[in-house]
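See below for the structure under consideration.
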Amino acid sequence: MFRSSSAFVVFAVIFVGVSVLGFAASRWGSGDRTSLEEWGLAGRGFGTIVSWFLLGGDLYTAYTFVALPAFLYGAGAIGFFAVPYTTLAFIFFFVVVTRFWVVARNRGYVTLADFIRDRFGDRRLEVAVALTCVAAAMPYVALQLVGMQAVLTQFGAGSPLVAGSALFVAFAIVAAYTYICGLRGPALVAFVKDALMYVTIIAAMVIIPAKLGGWGHIFSAAGVALKTHVPPGGLLLPPNMYFAYGTLALGSASTLFMYPHSITSALSAKSKRVIARNAVFLPIYSILLALLALMGYCALAAGIHLDAKHTSLAVPLLLDALFPGWLAGVAFAAIVTGALVPAAVMAIGSANLFASNVLAEFTQDRPPAETQHAKLLCLAVLAAALVLVLTVPVPFAINFQLLGGAWMLQIFPVAAMGLYTRWFYPNALLAGWACGIVCTTAMAIATGFKSTFALPANGLVGYIGFYGFVLNLAVATGLTLLLRATGSGPGVDRTVPADYA
Amino acid sequence: MPLYARLEPTLFGIPFFYWYQIAWIVLGSLLIGAVLLLTQGRRDV
């Protein structure tokens, strides 16, 4: 139980306000809500500021804000890979996503897999991409609830029943306004979420180092505490982890923009320039992310002891110990709304994919039936995530989320490289994708779901997704050369160069 | 990597490994901004 009842009051007031705001979004904007573009992409009408809040709100999720400090708290320097990761990710936003936005607008795509269908004229490839994205997003949605659950469990005085029903109510509210308002619901709530996040982190930066005797002391105390962990961690990486750190950062950066929530938010921008500007201004959130990651060390320095299974409580407990009650309430509201925005956008993105690229490929239904499918699927995704969190142990969901990231990297040759070149043959890409998925999954199982793997040949430790990607690309390249040599055709490309300009 | 995997020099008590990478967030953003400004005149970015 948290110390202060004022924390709960502040939290409850903010939460009610946010819910009202979510429903108020139904009055925002006009347009035909039965079209998937209106419901799922807010009519592609968001300007720079709305996009900044929305993208910031769903890329920097509550899970990241809880799990990242927990990672540093438990394992030390390796957890900081998220910082170069998000720095690199915006180069991809600037270069690749702007190009995707143009072709999506010119040809009316709502999802990444829509583009694959046209570009490669291959439905199997389209379905493969769509299912990979949905499979990667599902555990991610579920994990958003973990941060929420951490906060709600504390309020529920440790009673799982109270926390469970609070989680259910919170999720039902989000599901309802997302169903009614589509993407505009989470977009409006994102303003509040981000404001709460900034207040919390800036306050934390002022209050916490001062109370713990300054950064110098925090780092030395954290360094001492990390050495006692099993396996021991440290403030610096051991040299054999350099390659793992680099491939984790680069590999994760190359997948971030392909996730359904990134694509959905990016396509809702009203121009290419909006995305380009956001690649410049979104890194402001990365600074918050880095500072927040260091909160993991603050928790160590503050002497908060948690076993390896409960590290996600590091930040909530730290804030509860060092913040005045009302501010702790603001912080907890930030974590909870921070979970709801990305969960809603991820659910919309996954539902769009499933409705347009899986269901629609097997039925004759077209809009507006497609929109209705997407809306119902969005509810289904949220419900499934809730069930997942309440029934599956948290480490299992985390494993799946990490594996999902490695899977996402396997669609890079199709989705990202496909934006620039049609050199690869669809069959070769499909074979490469399958090899990549099997390879990363096998490595994950072999290491007990770690994101890094030591090559048997030379012991080089690297990111499993990266190794899968190398194999994937080798297979795709080799088979393309082979197919070319046998004289078979590359298939149909329904896009023309003018679509990309 | 060996380039920045070190503790010294510290900044406000934060080891080099950490503040160096935080500095790159800002630098990266400035570089993208510069590219955006430079290409703006030439074509519709």
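Quick notes on this structure:
- Centroid-to-centroid, using Cα positions, the range A:33-106 and the range A:452-495 are 27 Å apart.
- Neighbour cut-off at most 11 other Cβ (10 Å), DSSP loop, chymotrypsin sites (Phe, Trp or Tyr not before Pro), the range A:197-232: none
- For the peptide A:93-99, the mean number of other protein chain Cβ atoms found within 10 angstrom of a residue's Cβ is 2.
- Alpha-carbon gyration tensor eigenvalues x 5, square-rooted, for the range A:5-394, Å: 35, 24, 19
- Over all Cα atoms in the range A:229-327, the spread is summed up by Rg and Dmax: 18.1, 50 Å.
- Per residue, chain A reaches -23500 deg cm²/dmol at 222 nm when only DSSP H runs of four or more residues are counted, each adding -39500 (n - 2.57).
- Spatially, the range A:388-433 and the range A:338-358 are offset by 16 Å when compared through their Cα centroids.
- Computed on chain A, with alpha-carbon pairs under 8 angstrom and 6+ residues apart, the relative contact order is 31 percent.
- A viscosity of 0.692 mPa s and a temperature of 37 °C, combined with the Kirkwood radius over C-alpha pairs in the Stokes-Einstein formula, give the range A:287-393 a diffusion coefficient of 195 µm²/s.
- In this structure, the pairs whose alpha-carbon distance is over 26 Å, taken from A:193/A:227; A:193/A:270; A:193/A:375; A:193/A:450; A:211/A:450, are A:193/A:227; A:193/A:450; A:211/A:450.
Read-outs: derived from the displayed coordinates by stated rules, not from any lab. Keep in mind the model is a prediction, meaning the values are calculated, not measured. Here Cβ is always computed from backbone atoms with ideal geometry, including for glycine, and neighbour counts include all displayed protein chains.
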